[in-house]
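Okay, so here's the structure we're looking at.
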Amino acid sequence: MKRLAQALTTHPLIVLGVFILAALALGWQAQHFRIDASADTLLTRDNIHYIRTEVMNQRFSPQEFVLVAYQPRELDLFSQQTYTNLGSLTEKLRGLERVESVRSLLNVPLISLMEGDWTEGEPQEWTHEQKNFSHEQLRDALSGNPIYEDLLVNQAQTATAIQVLFRPHEELEEIRSQITAIQANALERDLSSEEQGEIEQLQERAQPLQDELDEIRVQEIDTIRDIIAQYEADAELYLGGAHVLGYQLIEIIQNDLFLFGSLIAAMICVLLFVLFGGFRWVLIPVICCTFSVLFTVGLFGMLGLRTTVISSNFIALQLILTLAIVVHLIVQYREFSVAQPKWSQQELIQAAFAKKAAPCFYAGLTTSVGFASLLFTGIQPVISFGWMMIIAMSFSLLVSLLLFPALLALFPREGAKGHRKLAHRVLAGTDALNQRWKGTVITISLVALVVGGAGLFRLNVENSFIDYFSEGTDAHRELSFIDQELGGSTPLDVVLELPETDQDELIITAEAVQMAQRVQEMLQDLEGMGKLLSVVNFTQLAQDILGVPLTEYELTAAYRIIDEELREELVGSYFSEEHSQLRISARIQDATEGLNRADLMADIHAGMEELGIGSDDYQLTNLFVLYQDILQRLFRSQVLSLGLVYIALTLTFLVIFRSLRTAFIGIAPNLLSTVGVLGTMGWLNIPLDLMTITIASIAMGIAVDNTIHYVHRYRQELADGSSADALHNTTFSVGFAILFTSLIIILGFSQLGFSDFVPSAQFGLLSSLAMFMAVLWNLTLLPVLLGKFVTESK
């Protein structure tokens, strides 16, 4: 260790040169680092629900679309000016290269207005564009329309939607079809290694095509926004659709990274200067943080790893980890500077390095163990985040321990300086509390554990993308409007297996239609259920026109006679003749107050059972099912993963300190910090979702860092004196680093509380809370337990 310290301080320019070269190499790769905020990144691709959804999506081929909602400001929806604007808007949207068609109330077939026998006519000719219906005719045709109401026109008839349908990327779709065909085998058996390898090869082929398509989509959405902006004088306009959501997430995350990243960096710099009183103590931590983040981002770019909504705050976390190490090194250097006024700069740096290298390494190791709890969630995006943080921790440790001594060696020896008086008073207060009120500290800790534990039972799992955005944002405004006025936002599909029939001449039997109708009626009665669309809607429309239900023979005749292109457009996404399946497309209204998504899923299954439909005769697929599955598995795995990581931490402490008693004592503040943060979430009704799942690991990672440094120093001090003296000396040495690190992080990351992106705001505030709890218990409970149970040096 001494030789390494000597090398770092003897040849600091060489060390700095090596780091600069490495930064240039990895920095070049950083340009390939991407933020991927699409909804697909939150899904677990190897589970059965995902595979079923992919199979059904390919079978029924629902098209990619963007929804443009148009709500006139003053004019009636059914007015000539509105028609003119909608027509102009439609034509401009059709001009986009990838657009296949644009549906609006002007160009959809209005079968109820057809004259004569509608089964023998040309329904596609009966549109407002071609027939120029009166305002009242159009209003009446759309009012209560089983197909178009809540899809193209809201029930109040104050707003309409334009559906922009895009052509698929043929090469990419072909590759996806091949992937899905192989993955479908997993529904019946385990995939072979050859199949897994083939999937990986196909995914490698698909990725550049997907990246290209994602860039095109961003450009398309920008263009659509420019187009609709031309009509804002006459109407309120809203954008919706899965890819619009991804666009909004990327936009707001990038804005937050720039705005709050700059704000946090500025505050950290100011605090470092105020706490340590020197330019070097700002420059050195900033350089260390910059190199550690640059190395990590460069490696992720080189490996093709992408940050998602879940992992978008990894840079902020890495800043925490790097700062914690650097601040401990600074405090140790300044401590030696006061105690050893005759030592040279190199001697001070080498002594500080030798003193702190081991505890910093141990802290990095145990922090990595904390983040390793995410690896047990069984949810791939969260697992990826866990690995990203373990890699980030490694770089933070490497850069801080190697670059800090070299950078400090470039500066002259600092004169002996004490710490701020306020910091002394805080530590003196905790020291006095620990010496005089041991029982009170333990009692308060037990009460906090009970209260936090009670909060754990109030934790719930929910996931609503609308709630990811603050109410005043455009994203929240757009998503809420489409959710409440135009049929919902999150898709749910119910796929029914049709009963076999010996009547080969029939496409679909009356029994099958009646079964679908009963299912649809059951679904419509459930709270939070939005627009439902299936073959049933078309039979209802026919019944409304004719006054009597269609017979199964009439339904078959209509299916055969209708134009093939129109048939595919109207029915193809809801009926598979080849597989004898009916698809009911539903959209969940996420903004429904008090909506419990788990209860909704349970009610659907119970309703199907009441209708006498067995579990083998239907499937629930699409995003709503996937997210609910992820959240339920996340909730079940949380206790297991945290339990495993506590065991792992205890074993790690046992190896480091070689004392089971010390290991158990070291776990105490970490347990309280984790339970405290999760319990607070429970009491404040903050749901456990794909974002807040990381908070427990953050709390654990922060707390364990402080614990390692405190216990390591205490054992060293205990070898030279009594337990009381060891606690006092430890508090007034390591305590400063713990206090300063906590203050920087709490004040810095609390700024995220002002973010319009709710997960970022929650992350900032809960991370600050975790930091506060970590410093509280490590400066109170930990010393009390050490003083009571670890009184001899071993």
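Remarks
- Residues located in the stretch 705-721, provided they are touching a residue at least 12 places away in the same chain (Cβ under 8 Å) and farther than 27 Å from F371 by Cα: E717, L718, A719
- Hey, G439 farther than 25 Å from I221 by Cβ, free of Cβ contacts under 8 Å to residues at least 40 places away in the same chain and among the small types (G, A, S) or not: yes
- Of the residues making up the stretch 754-768, at least one is among the small types (G, A, S), within 21 Å of V369 (Cα to Cα) and crowded, with 24+ Cβ neighbours inside 10 Å.
- Scan of the stretch 212-261 for residues that are under 15 Å from S760 (Cα atoms) and out of contact with any Phe, Trp or Tyr (no Cβ under 6 Å at 6 or more places or on another chain), ordered by number: Q248, L249, I250, E251, I253, Q254, N255, L257, F258, L259, F260, G261
- E593 meets the conditions (1) open to solvent by 20 Å² or more (accessible area, probe 1.4 Å); (2) under 20 Å from the mean Cα position of the chain (by Cα) in every case but one. The failed one is (2).
- Sole residue being at pLDDT below 90 and either under 18 Å from A242 (Cβ atoms) or of a type outside the set (F, W, Y) (or both), chosen from L165, L142, L202, L209: L142
- Residue that is farthest from the chain's Cα centre (by Cα), among those in the stretch 699-744 that are under 30 Å from V270 (Cα atoms), open to solvent by 10 Å² or more (accessible area, probe 1.4 Å) and hydrophobic (A, V, I, L, M, F, W, C): F732
- Residue check for A206: of a type in the set (G, A, S) and in contact with a helix residue (DSSP H, G or I) (Cβ under 9 Å, 6 or more places away or on another chain): yes
- For the stretch 1-30, a residue qualifies if it is of a type in the set (V, I, T), open to solvent by 30 Å² or more (accessible area, probe 1.4 Å) and at pLDDT below 85, and exactly one does: T10.
- Residue pairs meeting the criteria (Cβ under 8 Å; at least 6 apart or on separate chains; first at pLDDT 90 or above, in the stretch 403-422; second of a type in the set (K, R) and assigned to a helix (DSSP H, G or I)): L408/R280; F411/R280
- Of the residues making up the stretch 216-227, one or more are hydroxyl-bearing (S, T, Y), touching a Leu at 6+ places or on another chain (Cβ under 7 Å) and open to solvent by 30 Å² or more (accessible area, probe 1.4 Å).
- The stretch 252-290 - residue that is small (G, A, S) and either touching an Asp or Glu at 6+ places or on another chain (Cβ under 9 Å) or outside any helix (DSSP H, G or I) (or both) and, of those, most open to solvent (accessible area, probe 1.4 Å): G277
- For the stretch 690-747, the set of residues classified as at pLDDT below 80 and among the hydrophobic types (A, V, I, L, M, F, W, C) consists of L690, M691, I693, I695, A696, I698, A699, M700, I702, A703, listed by residue number.
- Among the candidates I349, I379, residue that is at pLDDT below 85 and either farther than 23 Å from H11 by Cα or open to solvent by less than 10 Å² (accessible area, probe 1.4 Å) (or both): I379
- Criterion (touching a Gly at 6+ places or on another chain (Cβ under 9 Å) and on the phi < 0 side of the Ramachandran plot) met by exactly one of R225, R217: R217
- Residue count, the stretch 299-342 (criterion: hydrophobic (A, V, I, L, M, F, W, C), farther than 27 Å from Q762 by Cβ and free of Cβ contacts under 8 Å to residues at least 60 places away in the same chain): 3
- The stretch 553-658 holds helices (runs of 4 or more DSSP H) entirely within its bounds, and those carrying 3 or more residues that are at pLDDT below 80 map to 564-570, 623-657.
- Any hit, the stretch 679-689, residues being within 24 Å of V331 (Cβ to Cβ), at pLDDT 90 or above and not charged (D, E, K, R): no
- If you go through the stretch 430-462 and keep only what is over 37 Å from the mean Cα position of the chain (by Cα), exposed (fewer than 14 other Cβ atoms within 10 Å of the Cβ) and among the aliphatic types (A, V, I, L, M), you end up with just A432.
- Restricting L492, L526 to those that are in a strand (DSSP E or B), of a type in the set (A, V, I, L, M, F, W, C) and more than 30 Å from K788 (Cα to Cα) reduces the list to L492.
- Residue in the stretch 238-251 that is in contact (Cβ under 8 Å) with a residue 60 or more places away in the chain, more than 18 Å from the chain's Cα centre (by Cα), in a helix (DSSP H, G or I) and surrounded by fewer than 21 Cβ atoms within 10 Å (Cβ to Cβ) present: no
The values are calculated or read from the model by the stated rules, or taken from the named source; none is laboratory data. Owing to the predicted nature of the structure, the values given are computational and were not obtained by experimental measurement. Backbone-built Cβ (ideal geometry, glycine too); neighbour counts: all protein chains shown. Accessible surface is based on the protein model in full, side chains and every heavy atom, while ligands, DNA and RNA are left aside. Shrake-Rupley method; radii C 1.70, N 1.55, O 1.52, S 1.80 Å.
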